Structure formats: C-alpha cells, structure tokens
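The values are calculated or read from the model by the stated rules, or taken from the named source; none is laboratory data. Since we're looking at a predicted model, the values are computed, not measured. Cβ coordinates were reconstructed from backbone atoms using ideal geometry, including for glycine residues, and neighbour counts include every protein chain displayed.
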Amino acid sequence: MDERKNTHKVDMLFALTLFFLFALSMGALVALSASAYRSSVETSTNNFNDRTLCLYITEKVREYDSTGAFSIRDFGSGQALVMSETVGDEEYSTYIYLWQGAVRELTIKSSDELSPRAGQEILKASSFEVASVGDDLLEFSVAGEEGSVQRFYVNLHSHGALSAESADASADAAQDGEESEGEL
C-alpha cells in the first residue's frame, strides 16, 4: 500500500511539474509575442507618420503650384516653405515650418505679423528642411520623432513658381552646407 501511495505522489508531482513548465512556457511565449507586437506597431506608426507628413507637404505644394507662389524663408525653428495666393484683393501666405518639435502650418494675410506658436500642428518631427533645386524642384528633408529622416522631392509644374529671392537664398544655403561638410 505504501508503494502505491509513493507512486501516486510521484505521478501527481510529475503532472504538477509538467503543468507548471507548460504555464511558464506559455507566459514566456505571451511576453515575447507582446514585445514583438509592440515593436511592429511602433514601426508601423512611425512609417505612417513619416509618409503622412511627406504626402501632406506634397499635396500642399500641388495646391499652391502657380508662378511665383513659393519662397523659402527663415521662420520658427529654421526654414519655412511659404506659399502665397491672392484671394479677392487680399494676399495670403501659408507657412509650413518646424516649431517646438512639430511641423506646423499657418495661413495669414501677408501683411499681418505672425508668431510661430500660432500655427496648427501637423505632425511631430525633430527637423524640417526645404531647399530649391533649380527653379522647378523643391527638396524636403524631414526627421520624425524617432529620428528617421525622409528626403523627398516635389516637382513644380508652373515654371518659375519659386520666387527669385528664395532660389538665391536656397542656393546660398546649399553652398554653405557643402562648405561646412568639407570643413568637418
């Protein structure tokens, strides 16, 4: 009888050990799966934000694409793409720029003074740069919150859409950037 009790205890101990090993394996599997899922969602969100910002800027440029409509100016935390249009007798300017960790948009009458904080936040970003490449191509470089840099180009369909002063300033900035790269 004692032998049967010991066998029964060993069987029970083996079953409990097997159950706990199974439970431990399932817990580890769930933890690893959750980590992989979290990483996948984060990557997907970052890609979505980067692409959304690129598409938003591209569509804004297409919307304003007319002769003399674009200029590049210093504003906010760096450069701003300024798009101008006349509605009735009033001239309006739309600025796309970086301010306090976000790319923003601000539309005002061209004669009004403006503050960078007045703009509407589009998406979070750590940098925003715009340059003209010739007089019918804009180059954008945008870094998201996580630091991934998206560089893209937008062709201007209207010849001379970029104002002359902006093209000169952009060329000077590009030349200064090349010189500073050479000095490093």
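Values computed for the structure shown
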item: The lone exception for S39 - which of (1) among the hydroxyl-bearing types (S, T, Y); (2) closer than 22 Å to E121 by Cβ; (3) surrounded by fewer than 17 Cβ atoms within 10 Å (Cβ to Cβ) it fails; result: (2)
item: Yes/no for S111 being more than 21 Å from R62 (Cβ to Cβ), within 19 Å of the chain's Cα centre (by Cα) and at pLDDT 75 or above; result: no
item: Filter result (in contact with a Ser or Thr (Cβ under 7 Å, 6 or more places away or on another chain) and closer than 14 Å to S126 by Cα) within region 82-100; result: L98, W99
item: Residues that are polar (S, T, N, Q) and farther than 22 Å from V149 by Cβ, drawn from region 32-80; result: S33, S35, S66, T67, S71
item: Test: residue in region 43-65 that is surrounded by 10 or more Cβ atoms within 10 Å (Cβ to Cβ), β-branched (V, I, T) and more than 25 Å from E129 (Cα to Cα); result: no
item: Pair list, Cβ < 7 Å and 6+ apart or interchain, from region 133-160 residues that are under 17 Å from Y97 (Cβ atoms) to residues that are of a type in the set (D, E) and part of a loop (DSSP other than H, G, I, E, B); result: none
item: Some residue of region 16-31 being under 30 Å from E145 (Cα atoms) and at pLDDT 85 or above; result: yes
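Every residue, every condition in (1) more than 20 Å from G101 (Cα to Cα); (2) touching a residue at least 40 places away in the same chain (Cβ under 8 Å); (3) assigned to a helix (DSSP H, G or I); (4) in contact with a Pro (Cβ under 9 Å, 6 or more places away or on another chain), yes or no:
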{"site": "F22", "(1), (2), (3), (4)": "yes, no, yes, no"}
{"site": "L29", "(1), (2), (3), (4)": "yes, no, yes, no"}
{"site": "T43", "(1), (2), (3), (4)": "no, no, yes, no"}
{"site": "N46", "(1), (2), (3), (4)": "no, yes, yes, no"}
{"site": "I57", "(1), (2), (3), (4)": "no, yes, yes, no"}
{"site": "K60", "(1), (2), (3), (4)": "yes, yes, yes, no"}
{"site": "I72", "(1), (2), (3), (4)": "no, yes, no, no"}
{"site": "L81", "(1), (2), (3), (4)": "no, yes, no, no"}
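Per-residue answers, yes or no, for (1) modelled with pLDDT of 90 or more; (2) buried (at least 16 other Cβ atoms within 10 Å of the Cβ):
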{"residue": "W99", "(1), (2)": "yes, yes"}
{"residue": "H157", "(1), (2)": "no, no"}
{"residue": "A161", "(1), (2)": "no, yes"}
{"residue": "E165", "(1), (2)": "no, no"}
